[in-house]
Amino acid sequence: DRFDSTLVEQMAALWVSRRFKELSRVAHQAKSNFGYICAHKAKHAVWRVEMAALGLANGLGGPSGDDPLLLAEVSDALDAATAEMRRVRPEVARALAHVRSRRA
């Protein structure tokens, strides 16, 4: 199974701990993950997280990483990614079950 359904939860944990560089890296992985299954809304949401977190990691929010626009973008995009994961996860599980049943 190539689809990792834990990436959004990993992103949320990194967001809470303000580990912006790691958050951008995991968001990049999630972007590929969602692209693999053509979940375009989810892919766009995690791209937004990736870009805003990268900006924060690179100091665009100042030395304290407190740029309110970038912080709000990460928060909103992560909410969107979480909602998309809730929508996509059961569909992926059904598709995988179907593929496995055909192999048996």
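A few comments on the model shown:
- Bridgeable lysines around Lys21 (alpha carbons under 18 Å apart, same-chain partners fewer than 8 residues away excluded): Lys31.
- The stretch 13-104 - convex hull of alpha carbons, volume per residue in Å³: 87 Å³
- Angle between the chain longest axis and helix 68-103 axis [Cα atoms, degrees, rounded to 10]: 10 degrees
- FRET efficiency for the pair Val16 and Cys38, taken as 1/(1 + (r/R0)^6) with r the Cβ-Cβ distance and R0 = 41 Å, rounds to 0.90.
- Sorted largest first, the principal axis extents computed over the alpha-carbon atoms of the stretch 6-65 equal 37, 18, 13 Å.
- Spatial separation of Cα centroids for the stretch 1-46 and the stretch 62-104, in angstrom: 6 Å
- Net charge dipole, the stretch 11-104: roughly 760 debye, given to the nearest 20, about the Cα centre with Cβ charges of +1 for Lys and Arg and -1 for Asp and Glu.
- Rounded to the nearest 10 degrees, the inclination of helix 40-57 to the longest alpha-carbon principal axis of the chain is 30 degrees.
Every number here is computed from the coordinates shown, using simple stated rules; none is lab data. Because the structure is predicted, anything quoted here is derived from the model rather than measured. Counting neighbours? That spans all protein chains shown, and the Cβs are built from the backbone with ideal geometry, glycine included.
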